[in-house]
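Note sheet for the following structure.
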Amino acid sequence: MLKGKKILLGITGSIAAYKSAVLVRHLIKQGAEVKVIMTTAAKDFVTPLSLSTLSKNDVLADITDNDTWANHVMLGRWADIMLIAPLSCNTLAKMANGLCDNLLMAVYLSATCPVVVAPAMDEDMWHHNSTIENLKKIASFNNQIIPVEKGELASGLVGEGRMAEPENIVNWLENFFSNKLELKGKKVLITAGPTYEAIDPVRFIGNHSSGKMGVAIAEEMKNRGADVTLVLGPSNITVTENIEVIRVKSANEMYDACINHFEKTDIAVMSAAVADYTPVSTASQKIKKNDSIFSVELTKTKDILKSLGEKKNNKQLLVGFALETNNEKEYALKKMKTKNADMIVLNSLNDAGAGFGHDTNKITIFDKHNKEYKFDKKSKKDVAIDIVNTIIKLLHA
Ligand code: CTP
């Protein structure tokens, strides 16, 4: 069941770290590919040599190694899942607060894959209010938690706090991989980023969209087993390898790419900030400055979301975005109706940390069954998980 799965195992400083060696052995036996990251404290409990031998890969521990920078971004992109087992109280607190003082935390904070933790601590620490609050906090960031077990603890006491047995962690992973591919077999089309409307060969009308939100949705759709095509406007953002990316510049090119793909699409998510207007004509030569006033005549672009809404059959699901500054709910609902979307994701510019240029977003989702889902401000990666979960809910409604 774990054959070919790429598992990034983070080991932190806890006596339960000795079980991680057994865990790696089980994972390798099941056909998984394992890379191990250790914190400095973890090395007091289990040696990197044991883990590199068992995992058949070098063990990673430092952000720089022999003057080489460990690429923490690519590690989180390589993995199908990041598992932190054992999770110590200290690393839990760092995760809850976004601290980044070692390689494990840098990988965790930049991981685009799902993250699961198997905590291990003494019973009194396990029941401490700060542990309870920190666990709630990391769960609200969409990290998953493998429950601790009851039994003899390192202190000699008997109680709750033992890390789940390696066999139980393997079972948890097997369940995770068989259940989570809710979108297996589904074809998903996503637009992201800005569009550039050329005035002449050197100038264009554009906007501040980074494409981060749409790319995060594409990656989350991929995590759930979907076959993803991303139509991406001009953006420097890197995208996971196994997503088909169609790079476009203008609203018209984005329209053509979407129309070409829509027929075979099950779910379309239009998150791009498409220009509403484009120059009537593009000068073939650079325009020289002459008069003190210069006007560009603009014409409306084709509305991609609306066009797909007109073509949509009752098996296809169409999701639009709305960025509003006032009468947010009213305008968002109107947009869903006039463009015949099944769901609309509202960003309000009145919310601090939402919309363009931020790494966070705060959204409300409305669906065609009059359901309204309000979410807290979160990282775009976590917002993407909420959006995909809500889409899956609507698929099953
Ligand atoms: N959209 C699109 N094609 C366009 C313009 C917008 O597909 N030419 C999509 C966006 O990707 C988004 C939704 O429509 O999903 C809302 O875009 P927005 O620009 O906010 O809405 P408009 O319909 O342009 O309305 P208004 O400018 O009045 O807010």
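Among 32-45, 155-168, what's the highest-first ranking by average C-beta atoms within 10 angstrom per residue? Please report the intermediate quantities before stating the final value.
Working: 32-45: 20.9, 155-168: 16.5.
Listed from highest to lowest mean packing, they are 32-45, 155-168.
How big is the equivalent ellipsoid of segment 112-221 along its three axes, where each semi-axis is √(5λ) from the Cα gyration tensor, reported in whole Å from largest to smallest?
Working: eigenvalues 416, 71, 14 Å².
Each semi-axis is the square root of five times an eigenvalue, giving 46, 19, 8 Å.
Mean 1/r over all different Cα pairs, inverted: what Kirkwood radius does the chain give, in Å? Intermediate results must be reported in sequence, preceding the final value.
Details: mean 1/r = 0.0434 Å⁻¹.
Averaging 1/r across every pair of different Cα atoms and inverting gives 23.1 Å.
List, in the order given, every pair from Lys300/Lys334; Lys186/Lys300; Lys302/Lys378 whose Cα-Cα distance in the structure shown is over 30 Å. All intermediate terms of the calculation are to be shown ahead of the outcome.
Working: Lys300/Lys334 19 Å; Lys186/Lys300 33 Å; Lys302/Lys378 32 Å.
Violating the 30 Å Cα-Cα cut-off are Lys186/Lys300; Lys302/Lys378.
Can you give the convex hull volume per residue for the Cα atoms of segment 1-67, as a whole number of Å³? Before the final figure, lay out each step's value.
Values: hull volume 5.4 nm³, N = 67.
Taking only Cα atoms, segment 1-67 has a hull volume of 80 Å³ per residue.
Between segment 359-397 and segment 103-120, what is the C-alpha centre distance in whole Å?
Value for the Cα centre distance between the two parts: 23 Å.
What's the center-to-center distance, using Cα atoms, between segment 147-185 and segment 241-259 in Å?
42 Å
Counting C-alpha atoms alone, how compact is segment 262-358: give Rg to one decimal and Dmax as a whole number, in angstrom.
Rg and Dmax of segment 262-358, Cα atoms, are 17.5, 55 Å.
Points 7 angstrom from Cα along the Cβ direction at Thr338 and Asn260: gap in nanometres?
3.0 nm
Over segment 28-128, how many pairs of lysines fall under 18 Å by alpha carbon, counting only those 8 or more apart in sequence or from different chains?
Working: Lys29/Lys56; Lys35/Lys43; Lys35/Lys56; Lys43/Lys56.
For segment 28-128, qualifying lysine pairs total 4.
Taking the Cβ of Ala341 as the center, what net charge do the other residues with Cβ under 12 Å away carry, scoring Lys and Arg +1 and Asp and Glu -1? Each step should come with its number before you reach the end.
Details: positive: Lys306, Lys312, Lys334, Lys335, Lys337, Lys339, Lys368; negative: Asp303, Glu310, Asp342, Asp367.
So the surrounding residues net to +3.
Using alpha carbons only, what's the Rg to Rh ratio of segment 6-180 with Rh from Kirkwood?
0.93
Non-local amide H neighbours of Val231 (under 5 Å, H modeled in plane, Pro and chain starts lacking H): which ones?
So Val231 has HN proximity to Ile190, Thr191, Ala192, Ile246.
For segment 103-158, I need the span (max minus min coordinate) of the C-alpha atoms along each principal axis, in Å, sorted largest to smallest.
The Cα atoms of segment 103-158 stretch 38, 20, 18 Å along their principal axes.
For segment 100-114, in order, what is each residue's ³J(HN,Hα) by Karplus, 6.51 cos²θ - 1.76 cosθ + 1.60 with θ = phi - 60°, in whole Hz (x at glycine and Pro)?
Karplus values, whole Hz, x for Gly and Pro: 9, 10, 7, 5, 4, 5, 5, 5, 4, 5, 9, 5, 9, 7, x.
Of Ile243, Ile237, how do they rank once you tally other Cβ atoms within 10 Å and put the fewest first? Intermediate values should be presented prior to the final figure.
Values: Ile243 19, Ile237 13.
With the sparsest Cβ surroundings first, the list reads Ile237, Ile243.
Sticking with the crude label model, points 7 Å out along Cα→Cβ, report the distance from Asn207 to Lys184 in nm, one decimal please.
In this crude label model, Asn207 to Lys184 measures out at 3.8 nm.
Each value in this text was obtained by applying a stated rule to the coordinates, not by laboratory testing. Everything numeric in this text was worked out from a predicted model, so none of it was measured. We place every Cβ from the backbone using ideal geometry, glycine too, and count neighbours over all the protein chains shown.
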